[in-house]
Amino acid sequence: MKPFRLRLSRLIFLLVAVMVVLSLGLALWLFNAQLRDTLEQAQASRVINLAQTVASKASVHSVLHGEVSQTAAPPSTSSPLQVEIDTLRERLGVDFIVVMNPQAIRLTHPDPERIGRHFRGDDEGPALHGESYVSRSVGTLGTSIRGFAPVRADDGEVIGAVAVGVTLASLGPLLAENRRDVILGVALLMIIGALGASWLARYIKQVLLGLEPYQITRLVEERQAMLASIHEGILAVDRETRITLVNPAARRMLASAGLGPPIMGMHVSEYLPQSGLPEVLDSGRERLDHELNLNGRVVLANRLPILHQDTVIGAIATFRDKSEVNALAEQLTGVSRYAEALRAATHEFKNKLHVMLGLAQMGDLVALRSYLRDLANHHVAPSTALIKGIDDPVLAGFLLGKQSEARERDVTLHVEIGSPVPVPREPAQVHILVTVLGNLLENAFDAVENLAERHVTLTLEYDEALLSLHVQDTGPGINDSVRERLFELGVSTKGKRRGLGLAAVKSQVDALSGSLAVYSEAGRGTLFEVELPYPPTE
C-alpha cells in the first residue's frame, strides 16, 4: 500500500494558516482580557471620583447631619435627596448611587424598596471609618465595581458614606462593542494570513522546482551516490567563486598532487589559482579538454558554466588524470593493431586454404605436397623461430600478425631478435611497446608501399632491463623541413587528418623516460631508433 504523503504546498499552507489562527486567537484572548481590565480600571476611577463628588454635595451633608442629630425625617422613596440622587444617577450613567448613614442604612437606592435597609456587600466599613476606596462585591444588583467615599461634618467627623457602583453586567455592551471591532480586525488578518500562506506555499513549491520533500531526499541521495561513483574529479563554485562541491575523486586527485583538502566556502583562486573557473564565470563559455598542471601532475580539465534560467549561477570543473587517458588510448591503439594483424593473417590463411582446396579437388597430390612443404619451409619455420625469441605471447602474436600484414601488402619484413625479449614486469608495458612498434611499422609500410623495392627491417635488442628497437625502411626518406617537426601533432607527409602516430610514439617514449631518434635522407630511407626501460618479471 502506497504511504500517504501530504503535498508540500498543502503542508506549508496548513502550518502557516494554523500558526496565524493560533497567534491571532491568542492575541484576541489577551486583548479581550486587557480590554476588560482596562474598562474595569476606568470605571473604578470614575466611580470613586463620582462618590467623592456626591459626598461633597451640601444636600447630602444636610441629610446626614440630620440623621446624626436625629432630627431628619425617616428615609423615604419620595424624599428630595432620593429624587436628586436618582436624577444624578441617570445623568451620569451609573447603576446605583447609595447614600448611607453611619449605621449603613440606605437613604437612597435605585430600587425604592431597598431604601431604609442595611447596605449589602460587607465592604462599606472602611468608608464609614473615613477611607475612600474601590471595591468589587456582590450586592442586590449583582456583582459590581463600587467607589466609596466618606461624608464628613465640618469638624471632620464621619457622618455617613456614599457608594457609587457600576455592575459588571452593564460593562457587557461596552465590551461587546469593542470586541466586535477587534474580532472583525482579527478575522480580516486571518484571511490575509491564509492568502499569504497560500502564496508562500506556491512560491516555495516554485523555488523547489515542484519537488516534494521525499523527492528532494531521493535526489540528494542519488546525487551523493553518483558523485562518489564518478571516476572523474568534480569541483564546483558559486557566482562569487566560492567552492561549493568537491567529490571524493577530486579530493583524492588533489591530495595526490600535494594539495591540502579544499574547504567549503573558500575562494577557488586562493586554493587553486590555475583552475580557470573565474574566467568561465566571467565569460559564460565552456572550456573543454585543457591541460592543467597540479604540482607536476597533468590532468585534463573541462570547465562549464552552471546556468539557471539563462543566468550563470556558478561553474563546474571536471578533472581526469592524463596518464589514465593516455593508457586508454594506448589500449585502444593496441587493440586496433591486434585487429588489423588478425585480419591480415585471416586473409592470408584463407588464400592458402583456397590453394590447398583447389589442388585437392584436382587430385594433384604431388603439387599439394610441394605446396605444403613450401609453406612449412618459408612461413611456419620462420614464424616458429620468431615466437621462440619473444617470451610475451601478446608481443609475439602482434609480430606474427605484422608479418602476415606485410606479406599481404607485398612488403618484405625482416625481424631480427638479438637476444630473447622477456615478459615485462608491468602488463601495461606491452601495450606501450605495441603502440610504439605498431605506429613505426605502419609508417614504414606506408613509406615503401609504392616503390619497387619494399623492405622493412625490425631489430630488437634486450640488455639489462633496457629494450632497444630499430625500424628501418627503404623508402624515399624525409625532407629536412619535415624531419624537424616530425613528432609534432598533425605534422605528416601523407595528407590531412594524419600525423597522429609519431606524436603518440613520442608521448609514450617521453612518459617512460626513454629515447627516440630518427635518421633519414631523401632517397636513402629512414631509420627510427627507440630505447625503452623494460624491467622483466622477477
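The values are calculated or read from the model by the stated rules, or taken from the named source; none is laboratory data. Treat the numbers as computed from the prediction; the structure is a model and nothing was measured. Cβ coordinates were reconstructed from backbone atoms using ideal geometry, including for glycine residues, and neighbour counts include every protein chain displayed.
Worth a mention:
- Condition check for residue 288: of a type outside the set (D, E, K, R), at pLDDT 85 or above and assigned to a strand (DSSP E or B): no
- Residue among 461, 453 that alone is of a type in the set (D, E, K, R) and either without any contact (Cβ under 8 Å) to a residue 24 or more places away in the chain or farther than 22 Å from residue 518 by Cα (or both): 453
- Checking 97, 85 one by one, the residue that is within 26 Å of residue 171 (Cβ to Cβ), touching a Lys or Arg at 6+ places or on another chain (Cβ under 7 Å) and not acidic (Asp, Glu) is 97 and no other.
- Meeting the requirement of 2 or more residues that are in contact with a helix residue (DSSP H, G or I) (Cβ under 8 Å, 6 or more places away or on another chain), among the hydrophobic types (A, V, I, L, M, F, W, C) and at negative phi, the strands (runs of 3 or more DSSP E) wholly within region 102-184 are 142-152, 158-167.
- Set side by side, the residues 395, 400, 451, 467 differ, and just one is assigned by TED's automatic domain parsing to the domain that holds residue 523, under 24 Å from residue 509 (Cα atoms) and either loosely packed, with under 15 Cβ neighbours inside 10 Å or at pLDDT 85 or above (or both), which is 467.
- In region 47-64, residue nearest to residue 144 (Cα to Cα) [restricted to those that are surrounded by fewer than 18 Cβ atoms within 10 Å (Cβ to Cβ) and out of contact with any Ser or Thr (no Cβ under 7 Å at 6 or more places or on another chain)]: 49
- Cβ-Cβ under 7 Å pairs, at least 6 apart or on other chains, region 295-317 side within 18 Å of residue 258 (Cα to Cα), far side in a strand (DSSP E or B) and of a type in the set (D, E, K, R): 298/291; 299/320; 299/321; 300/289; 300/291; 300/320
- Qualifying positions in region 507-538 - without any contact (Cβ under 8 Å) to a residue 60 or more places away in the chain, over 21 Å from residue 451 (Cα atoms) and buried (at least 18 other Cβ atoms within 10 Å of the Cβ): 514, 516
- Considering region 470-492, and only residues there that are assigned to a loop (DSSP other than H, G, I, E, B) and hydrophobic (A, V, I, L, M, F, W, C), the residue that is farthest from residue 505 (Cα to Cα) turns out to be 478.
- Among the residues of region 25-54, the one identified as of a type in the set (Val, Ile, Thr) and farther than 20 Å from residue 98 by Cα is 38.
- Looking only at residues of region 422-448 that are acidic (Asp, Glu) and either touching a Ser or Thr at 6+ places or on another chain (Cβ under 7 Å) or in a helix (DSSP H, G or I) (or both), we find that the one that is surrounded by the fewest Cβ atoms within 10 Å (Cβ to Cβ) is 442.
- So residue 222, is it of a type outside the set (Phe, Trp, Tyr), in contact (Cβ under 8 Å) with a residue 60 or more places away in the chain and outside the structural domain of residue 32 (by TED's automatic domain parsing): no
- Qualifying residues in region 519-531 (those that are of a type in the set (A, V, I, L, M) and modelled with pLDDT of 90 or more) - the one nearest to residue 456 (Cα to Cα): 527
- Any chance residue 305 is in a strand (DSSP E or B), within 22 Å of the chain's Cα centre (by Cα) and of a type outside the set (Phe, Trp, Tyr): yes
- Residue match in region 202-222 (condition: more than 20 Å from the chain's Cα centre (by Cα), of a type in the set (Lys, Arg), surrounded by 11 or more Cβ atoms within 10 Å (Cβ to Cβ) and closer than 28 Å to residue 310 by Cβ): yes
- In region 232-257, residue nearest to the chain's Cα centre (by Cα) [restricted to those that are assigned to a loop (DSSP other than H, G, I, E, B) and either closer than 13 Å to residue 272 by Cα or free of Cβ contacts under 8 Å to residues at least 40 places away in the same chain (or both)]: 247
- Consider region 274-287 and keep the residues that are within 24 Å of the chain's Cα centre (by Cα) and over 11 Å from residue 312 (Cβ atoms). The one that is surrounded by the most Cβ atoms within 10 Å (Cβ to Cβ) is 277.
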